[in-house]
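I have placed the structure first, in the form of structure tokens, so that the comments after it can refer back to it.
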């Protein structure tokens, strides 16, 4: 399933417990292609999410979608579908299902080592004035031949990565609004496209 992250909320269960939850506007998906081992070398279902207005998609997208273009197109391996054009909605989920969620995390721009990697910084006393958030030594001398080794953790661009969170639970399925309420936090900002695999 594909969805769009809406917001976070608090859900109270019947036993009185409060759970932080994320609300997703999920589906419906339209099957745009069925891939088979005989023809394509692997089995997969290609789906489109978020139908665009007529004339918005380019010609290849519209042709592939039989006259319809979609905001997002994804492939799910070893998924099951009957025919091209079939619609899949959130009724495939039930409260209590365990799911895996993938999305692009929030971009945080250029960040220092303390925020990006959890460095502790330098001492604030003993003759040091301005080294509170400095990274410290990055090698040199006898280490690795006096060069900076590849993969050295430093300041740099943070966030904007594809993050997968496993073992999340579905708390509520709301077919009338197309919303899926999932226990816990999900990567990304409001409006992020989220992949949900049961």
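Laboratory data are not the source of any read-out in this text; all were calculated from the coordinates shown. Predicted, not measured: the structure shown is a model, and the values here were computed from it. Don't worry about glycine lacking a Cβ; one is built from the backbone with ideal geometry, like all the others, and counts go over all protein chains shown.
Points worth noting:
- In the set (1) in contact (Cβ under 8 Å) with a residue 40 or more places away in the chain; (2) surrounded by 10 or more Cβ atoms within 10 Å (Cβ to Cβ), the condition left unmet by residue 149 is number (1).
- Among (1) under 15 Å from residue 93 (Cβ atoms); (2) part of a loop (DSSP other than H, G, I, E, B); (3) within 15 Å of the chain's Cα centre (by Cα) - the single one residue 185 does not satisfy: (1)
- All told, residue 37 falls short of being surrounded by fewer than 16 Cβ atoms within 10 Å (Cβ to Cβ) and closer than 26 Å to residue 173 by Cβ.
- Restricting region 52-79 to residues that are touching a strand residue (DSSP E or B) at 6+ places or on another chain (Cβ under 7 Å) and assigned to a loop (DSSP other than H, G, I, E, B), the residue that is surrounded by the most Cβ atoms within 10 Å (Cβ to Cβ) is 65.
- Residue identified as over 25 Å from residue 5 (Cα atoms) and surrounded by 14 or more Cβ atoms within 10 Å (Cβ to Cβ) among 136, 121: 121
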